[in-house]
Each structure stands twice: as C-alpha cells, then as structure tokens.
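One structure below.
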Amino acid sequence: IRDRLSNALIAAAVLSAAAVSGVAQDVDAAAKQQAVQEKVAALKESVAKNQATLKEYSWNEATEVSLKGEVKKSEQKECRYGPDGKVQKTPIAGSDQPKQAEEKGGKKGGRRGGALGQKVVQKKTDELKEYMQQVGALVHLYVPPDRDKIQSAVKAGTVAVERSAEGGATALTFSDYAKEEDHLELGFDPAAGKIRTYNVTSYLEKPDEVVTLSVNFDSLPDGTNYPKEIVLDAKSKQILVRIINSGYKKVGP
C-alpha cells in the first residue's frame, strides 16, 4: 500500500510539474506575441506617419547600373508622389547615359562584322533593360516598407523581435514578407520612431538566384526619414545597382 501511495504521489507531482511547465510556456509565448504586436504597431505607425510626410516632397533619384564591375548605365529622375499615392518619375534631360561596349575587330571585321557586333550589343542592351525593369519592380516590393505586408507577416507568425545591441533599437525579422523564402531584417528605433537599418535577401524568379538589398536611411530637417542610398546586388548576374536619393524639397499643393 505504501509503495502504491508513493507511486501515486510521484505521478501526481510529475503531472503537476508538467502542468506548471505548460502554463509557464503558454505565458511566455503570450508575452512574446504581445511584444511582437507592440513593436510592430509602433513600426506601422511610424511608417504611416513618415510616408504621409514624404508625399509633401519632390526629390532627385540617381541610378547607376554596373555589370561585372563596369558602369553600364547612369540616369537621374525627378520624383514626386502623384494623386494616386504612387511615385511619378520624370527623366532629367541629358542624364540617361547608357555605356555601350566597343566593338571588337575594328575595321578588320568589315561591314558584316560591324553589323553583327551591333546586334550583339543591342541584344545585351535589351536584356539589361528588361532585367532592370524587373529590378525596379523588386525594389518597389520592399521600399518603402508596406503596412499591409507587415501586418500579413504578423498574422502568419513569421515575425521575430529581438533587442538590438546598437543604441537600444529593436531588431525585427520578417520571413516570407513579399515572396516565399525571402528575408527582411530591419532595425527600428522606437524612441525616435525611425528605421535605422534595412536589409533584404530575395530573388527575381528563382530562390537560388539570390538578390540582396540594403538601404541606408537619413533624416530631413523636419525629422522625416528617407532612403538615402539603396544598393541591390545580384551576384548571379554580376549586376550591382546603386540608387541615391537627394535634393528633397517641399512641393506646392
């Protein structure tokens, strides 16, 4: 009888410990989820406020495209938000400067060789132009941050929050943010209400064709945060795209 009672007490103790452990885990999970909700809510509020202020500005966007370390194209555009809330870009006259490779063979190739060389150059130029259109669409998926995508990630449970070692900022990590298997890491300063760091690992068509995107932010005199420099690196294509935003000024009503 004594042995049975002892075993029963042990079993009860084990069940009680398991129950306490389960409750503790539930509390811990709830606390973590609450922390995520609070940080994301602050982030969304900051993004909305910042975007509303940015719509009062126009600015210049300078883009430089390099292939295998050689600059192939540089252009500048004047940008501003249109009535539909989308950025409207107008090329600045004389700024579009495609760099075409010199034909090999010179006069020895003759008229036939020159024509062939021109076709090859034109084909590569068209391919680069098409690729850059895809790159532009990819950048638009991530810059600026999108409140709806942020909220979707929260609902899907693909957001992690950590305390950053730099300046008390919060590090938020989003998986499957805009595409399956993509990865977005941003450092958010809750005290200032600003994004400090922003790094993306994504792709255009296939996940194994990795494209990385990094954004450096700066602030305007009124405190508005803006993406000062965007660098996109497509290593598989040996293409590097650098975008510099500058010359911000208030636009009239």
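Values computed for the structure shown
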| quantity | calculated |
| --- | --- |
| Long-range amide H partners of LYS194 with built H, under 5 Å | ASP189 |
| 3J(HN,Hα) from dihedral phi, the stretch 72-86, Karplus parametrisation 6.51/-1.76/1.60, rounded to Hz, x for glycine, proline | 10, 7, 9, 8, 10, 9, 8, 10, 6, 7, x, x, 7, x, 9 |
| Cα centroid separation, the stretch 115-149 to the stretch 177-253 (Å) | 17 Å |
| Amide H contacts of LYS73 (H built 1.01 Å from N, under 5 Å, at least 5 apart or other chain) | VAL65, LYS99 |
| Hull shadow area, averaged, the stretch 189-228 [alpha-carbon convex hull, nm²] | 3.5 nm² |
| Relative packing of peptides 239-248, 49-58 - highest average C-beta neighbours within 10 Å first | 239-248, 49-58 |
| Cα-based radius of gyration of the stretch 141-233 once divided by 2.2 N^0.38 Å, which approximates compact folds | 1.09 |
| Gain on full stretching of the segment that runs from LEU141 to GLN238 - 0.36 nm per residue minus C-alpha separation | 32.8 nm |
| Extended-chain gain in nm, criterion 0.36 nm per residue less alpha-carbon gap, ASP208 and GLU180 | 8.9 nm |
| The stretch 122-253 - percent of accessible surface contributed by carbon and sulfur, probe 1.4 Å | 48 percent |
| Sites GLN151 and ASP126, calculated FRET efficiency, Cβ-Cβ separation with R0 45 Å, nearest 0.05 | 0.70 |
| For ALA169, residues with placed amide H under 5 Å, excluding near neighbours | SER164 |
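The values are calculated or read from the model by the stated rules, or taken from the named source; none is laboratory data. Because the structure is a prediction, the values reported are computed rather than measured. Ideal geometry is used to build each Cβ from the backbone, glycine not excepted, and the neighbour counts take in all protein chains shown. These area figures cover heavy atoms from the full protein model, side chains too; ligands, DNA and RNA do not enter into them. Shrake-Rupley method; radii C 1.70, N 1.55, O 1.52, S 1.80 Å.
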